[in-house]
Amino acid sequence: MNHLIDVPPPSHHDDIGRRAMKKIILTAAVLIGSSMGSAFAQGSPIINLSVRDTPSNGPDGYTDVDACGMTYSYRYSGGSGRGGDVIFTKRGKVTIVLKLNDASPSNRRYTFGDVMFEGDDNDQLSWSGSAPTSGVIHDTNDAVQTASYKVMVDDSTKADCSIPCDPKIINR
């Protein structure tokens, strides 16, 4: 796809014209680059999930969720918007690596429980948990859809306590 912009070249004495031309060229490069696909078009993004048993203070980037009679908060990092969402713009099988950051090997308070998918109308998503604190989401990525993955994180200090955490997977 070619984007042609008909702008006469600036004269040698026209600094404003030269700056405008540079801006147009940079804008066109950004537009062309963004139409080429995301960095995760065929890759394996790594998403990190942090969970804690305190509420968000607002600007810390954590999302509050009520579970087990108290307020927990979670924060995803990585992905297309650095908040756990992932956007794929090319077709083909892809994986998303999911890691639970806060669980140290010596004190695994938080571990992955169930991973569910909402909006997966084309049945493209599946989970394979390889360890208590890591796993892989498989996306066949053969149809356009927007779905969410909801990770249930178990808190070992409370019986039957799971904390729901859910960003999006978008196949464009």
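Compared with the direct C-alpha span, the chain from Lys90 to Lys158 gains 20.2 nm at full extension, assuming 0.36 nm per residue. Note on Ser44 and Met70: the extension gain reaches 5.9 nm, defined as 0.36 nm multiplied by sequence separation minus the Cα-Cα distance.
For the pair Arg82 and Ser148 in one chain, pulling the backbone fully straight at 0.36 nm per residue adds 22.2 nm over the alpha carbon distance. Expressed as a whole percent, the accessible area of segment 54-136 that falls on carbon and sulfur atoms is 45 (1.4 Å probe).
The values are calculated or read from the model by the stated rules, or taken from the named source; none is laboratory data. Since the structure is predicted, the reported quantities are computational estimates derived from the model, not experimental observations. Accessible surface is based on the protein model in full, side chains and every heavy atom, while ligands, DNA and RNA are left aside. Shrake-Rupley method; radii C 1.70, N 1.55, O 1.52, S 1.80 Å.
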